[in-house]
1. Give the residue that is farthest from Ala60 (Cα to Cα), with candidates limited to residues of the stretch 104-121 that are modelled with pLDDT of 95 or more and among the aliphatic types (A, V, I, L, M).
2. Which numbered condition in (1) modelled with pLDDT of 95 or more; (2) under 16 Å from Phe103 (Cα atoms); (3) not charged (D, E, K, R) is the only one that Ile154 fails?
3. List the number of the failed condition for Thr191; all other conditions in (1) at pLDDT below 90; (2) of a type in the set (Val, Ile, Thr); (3) assigned to a helix (DSSP H, G or I) hold.
4. Residues that are modelled with pLDDT under 85, of a type in the set (Ser, Thr, Tyr) and surrounded by fewer than 16 Cβ atoms within 10 Å (Cβ to Cβ): find the helices (runs of 4 or more DSSP H) completely inside the stretch 1-68 holding 1 or more of those.
5. Here is a check on your reading of the model: is Ser145 of a type in the set (S, T, N, Q) and under 24 Å from Leu210 (Cβ atoms)?
6. Restricting the first residue to the stretch 215-240 and requiring it to be open to solvent by 90 Å² or more (accessible area, probe 1.4 Å), which pairs with a second residue that is modelled with pLDDT under 55 meet a Cβ separation below 8 Å and a spacing of at least six or different chains?
7. Take the residues in the stretch 138-154 that are of a type in the set (S, T, N, Q) and surrounded by 20 or more Cβ atoms within 10 Å (Cβ to Cβ); name whichever of them is farthest from Leu128 (Cα to Cα).
8. Which of the residues belonging to the stretch 89-116 are without any contact (Cβ under 8 Å) to a residue 40 or more places away in the chain and polar (S, T, N, Q)?
Amino acid sequence: MERPIRSALTFFGHKYERILLLVLFIQLPVILIQFFAANYILAVTPTFGTLFSIADVYNAFIVFSFFLFALVPFVHFWHSEEMGVENPLRQTFLHFALKAFHFFLFSVVAAAAVTIGLMLFILPGVILLGIFSLAPILAIMDKESVWTSVRESIRIFKVHHWKIVLLIAAFGFAEIIGSYILQTIVMDITTSFLAIAICHIFLNTIFLPLFYLILAAYTAKWREDMSLFAIGNKETGFSE
């Protein structure tokens, strides 16, 4: 797949009405649960005056869990459209209903590993996040278990680790900057916590689906490039 970012942006623009349905019925409820869970944890967990409290650890775990879980329907819809599947949106909702628990369990385990990695040395957490972000995409492409797809995810990460980390970091910083700008604009109008929260949620419903589509497009390209490279090695008699 050539020009993954352009391809993802074009897809997002052309299919926005259908993507919006995924946002309303799947992503928005997930974000609301994450939002209320995070605020509840902050309210009941003591801070002990340290830079990072126990509540921050819990919140990081929740954010990573829902980040990986919410990826699934958008990638499935994108892949179904690319493959020319009939009624791709309906198939996406059906697939999510049948496989939601499977992917949620993976998201929880992966998020726990990422959170522990970030707490210990930071870098292991970043590496694990990059690996686990690709696994659900590969599982959807291959129609197999997400646990099985981790092996190929590791293989792709070894080759494209900097690209994957920079892609995640770029969207993370873009969302932080966008949130700050939007929050500043809103606070000039009102200091209502609800208004600020709604703006943050609205921003996530745009940034995250777009990021998922770009990551999926890049994953497809990296996988295709690696397959072509492997075929070329076989034809010329070289081996790794």
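The values are calculated or read from the model by the stated rules, or taken from the named source; none is laboratory data. This one's a predicted model, so the numbers in the text were calculated from it and none came from an experiment. No Cβ is skipped: glycine too gets one built from the backbone with ideal geometry, and neighbour counts run over all protein chains shown. These accessible areas exclude ligands, DNA and RNA; they are computed on the full protein's heavy atoms, side chains included. Shrake-Rupley method; radii C 1.70, N 1.55, O 1.52, S 1.80 Å.
1. Step by step, filter the stretch 104-121, then rank; the result is Leu105.
2. In the conditions (1) modelled with pLDDT of 95 or more; (2) under 16 Å from Phe103 (Cα atoms); (3) not charged (D, E, K, R), Ile154 misses (2) alone.
3. Among (1) at pLDDT below 90; (2) of a type in the set (Val, Ile, Thr); (3) assigned to a helix (DSSP H, G or I), Thr191 violates only (3).
4. Result: 28-44.
5. The answer is no for Ser145.
6. Taking only residues 6 or more apart or on different chains, the pairs are Ser239/Asn233; Glu240/Asn233.
7. Ranking the candidates gives Ser149 first.
8. If the condition is that a residue be without any contact (Cβ under 8 Å) to a residue 40 or more places away in the chain and polar (S, T, N, Q), then Gln91 is the only one that fits.
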